[in-house]
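What follows is one structure encoded as structure tokens, with my remarks underneath.
Throughout, read-outs are computed from the coordinates displayed, never taken from laboratory work. Since this is a predicted model, take the numbers as computed values, not measurements. Because the Cβ atoms are built from the backbone with ideal geometry, glycine has one as well, and the counts that use them run over all protein chains shown.
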Ligand code: SF4
Ligand code: F3S
């Protein structure tokens, strides 16, 4: 599976949702997640994210994000159409440790 990591938080650019053939993105207030059990591992979304927030679960350090994507994709609503990203998204682009600061 592919999953979304903390680079998405407060950037939420949503270029990823339009390309997914199985519509498995889910929307929280500050980020999107992928539902791992629905992802068919096609990899199409990965290059679409301008901030490289989408990673394969085979990448080191992805365990935490697999867990988070699994949990919140059960709770958050499905999203299949790109909306406007947050106006101040640029500000958060290169920020580190966004999960600790902004995930709620
Ligand atoms: Fe959707 Fe493919 Fe990305 Fe999985 S890897 S979330 S199926 S676009
Ligand atoms: Fe987030 Fe990147 Fe999609 S910022 S909403 S994973 S295009």
### Task
Would you mind getting me the FRET efficiency between residue 59 and residue 100? Use the beta-carbon distance for r and R0 = 22 Å, nearest 0.05.
0.65
### Task
Using only Cα atoms, locate the centre of region 1-61 and the centre of region 68-104, then give the distance between them in Å, rounded to an integer.
10
### Query
Does region 1-95 come out rounded, prolate or oblate by the C-alpha gyration tensor, with a ≥ b ≥ c the root eigenvalues, rounded set by a/c under 1.5 and, if not, prolate when a/b is larger than b/c and oblate if not?
rounded
#### Entry: For the chain, built as a Gaussian network whose Cα springs stay under 10 Å, the top-fluctuating residue of 64, 93, 12
64
### Task
Mind giving me the FRET efficiency for residue 38 and residue 84? R0 is 25 Å, r the Cβ-Cβ distance, nearest 0.05 is fine.
0.50
### Task
Be a star and scan region 37-55 for residues whose amide nitrogen sits under 13 Å from the point 7 Å along the Cα-to-Cβ vector of residue 18.
48-50
### Query
Per residue of the chain, what 222 nm ellipticity follows from adding -39500 (n - 2.57) for every DSSP H run with n ≥ 4, rounded to the nearest 500?
-4000 deg cm²/dmol
